[in-house]
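First up is the structure itself, then whatever we jot down about it.
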Amino acid sequence: QQPVQSPQAVILREGEDAVINCSSSKALYSVHWYRQKHGEAPVFLMILLKGGEQKGHEKISASFNEKKQQSSLYLTASQLSYSGTYFCGTVGNTGGFKTIFGAGTRLFVKA
Amino acid sequence: DTEVTQTPKHLVMGMTNKKSLKCEQHMGHRAMYWYKQKAKKPPELMFVYSYEKLSINESVPSRFSPECPNSSLLNLHLHALQPEDSALYLCASSQGGLVGQGETEAFFGQGTRLTVV
């Protein structure tokens, strides 16, 4: 089942922060985050494997609440290069370890 | 080399044509995937190969036929497609086999933009 992402779209000014949420109706093995720019391939950001795990990469970090079957992606002090569509991909505990992507969150950062 | 290479980049085909999409990776990844992506939609899983064996087929119509000749190559054979099959077809790979898909990142190719006329 497809995870639910929110918000669907967000517009930021450079330097502002954003949070993108991803929730699943089933137990999760892991959560993956990708960013896709228009006309390009999705690019990996991070994977969260354990409940409560938080990971960070520069000013982008994420958390995974296994109990709530939710993950959040945090973008701090956004840059113009952060613009794109963010997808969370969830891998369930059953069903063959396949990644199902959420509908995506369109992020636009303006100067 | 951390690239997944897909050819061709663009393909226009008629509904009676037979064509193939190709995907290649030299990262030693043992899982390879085909995804279909429509405009403004997320990638939708079609097939997964794990250690060169088809492990997941997401009920894809038989007009799409995957093939994994060896651990570095993945093909998608197309025959008698419909206009609604027009989309971006993405190939991806990741380390490990079936379980590894849940634990490691997937590297995506740039895709083949397919138009069926």
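The values are calculated or read from the model by the stated rules, or taken from the named source; none is laboratory data. Everything quoted here is computed from the prediction, not taken from an experiment. Quick reminder, even Gly has a Cβ in these numbers, built from the backbone with ideal geometry, and neighbours come from all protein chains shown. Surface areas here come from the heavy atoms of the whole protein model, side chains and all, with no ligands, DNA or RNA. Shrake-Rupley method; radii C 1.70, N 1.55, O 1.52, S 1.80 Å.
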The stretch B:1-45, residues that are assigned to a strand (DSSP E or B), open to solvent by less than 70 Å² (accessible area, probe 1.4 Å) and free of Cβ contacts under 8 Å to residues at least 24 places away in the same chain: B:Leu45
Residue, nearest to the other protein chains (Cβ to nearest Cβ), within the stretch A:83-106, restricted to residues that are open to solvent by 10 Å² or more (accessible area, probe 1.4 Å) and farther than 20 Å from B:Tyr33 by Cβ: A:Arg106
Selection within the stretch A:1-17 - assigned to a strand (DSSP E or B) and within 11 Å of the chain's Cα centre (by Cα): A:Val4, A:Gln5, A:Ser6
Subset tally (residues that are over 18 Å from A:Gln1 (Cα atoms) and either touching a Leu at 6+ places or on another chain (Cβ under 9 Å) or hydrophobic (A, V, I, L, M, F, W, C) (or both)) for the stretch A:65-85: 9
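Give me the residue from the stretch A:31-51 that is among the β-branched types (Val, Ile, Thr) and surrounded by 17 or more Cβ atoms within 10 Å (Cβ to Cβ) and, out of that set, nearest to the other protein chains (Cβ to nearest Cβ).
Narrowing the stretch A:31-51 to residues among the β-branched types (Val, Ile, Thr): A:31, A:43, A:47.
Okay, now just the ones that are also surrounded by 17 or more Cβ atoms within 10 Å (Cβ to Cβ), so A:31, A:47.
Working: A:Val31: 10, A:Ile47: 6 Å.
Going through the qualifying residues, I end up with A:Ile47.
Quick check: anything in the stretch B:74-83 away from chain A (no Cβ under 12 Å), open to solvent by less than 50 Å² (accessible area, probe 1.4 Å) and assigned to a helix (DSSP H, G or I)? Steps first, please.
Within the stretch B:74-83, the first condition is being away from chain A (no Cβ under 12 Å), and the residues that meet it are B:74-83.
This time we only want the ones that are open to solvent by less than 50 Å² (accessible area, probe 1.4 Å), so: B:74-76, B:78, B:80-81.
Within this subset, residues satisfying the condition of being assigned to a helix (DSSP H, G or I) are none.
Within the stretch B:74-83, not a single residue is away from chain A (no Cβ under 12 Å), open to solvent by less than 50 Å² (accessible area, probe 1.4 Å) and assigned to a helix (DSSP H, G or I).
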Yes/no for B:Ser71 being farther than 21 Å from A:Arg35 by Cβ, small (Gly, Ala, Ser) and at pLDDT 95 or above: no
Hey, A:Lys68 outside any strand (DSSP E or B), open to solvent by less than 70 Å² (accessible area, probe 1.4 Å) and in contact (Cβ under 8 Å) with a residue 24 or more places away in the chain or not: no
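Could we say that B:Asn57 is surrounded by fewer than 20 Cβ atoms within 10 Å (Cβ to Cβ), under 16 Å from B:Leu76 (Cβ atoms) and within 12 Å of another protein chain (Cβ to nearest Cβ) here? Before you say what the answer is, go through the steps one by one.
Numbers: surrounded by fewer than 20 Cβ atoms within 10 Å (Cβ to Cβ): yes; under 16 Å from B:Leu76 (Cβ atoms): yes; within 12 Å of another protein chain (Cβ to nearest Cβ): yes.
For B:Asn57, the condition - surrounded by fewer than 20 Cβ atoms within 10 Å (Cβ to Cβ), under 16 Å from B:Leu76 (Cβ atoms) and within 12 Å of another protein chain (Cβ to nearest Cβ) - is met.
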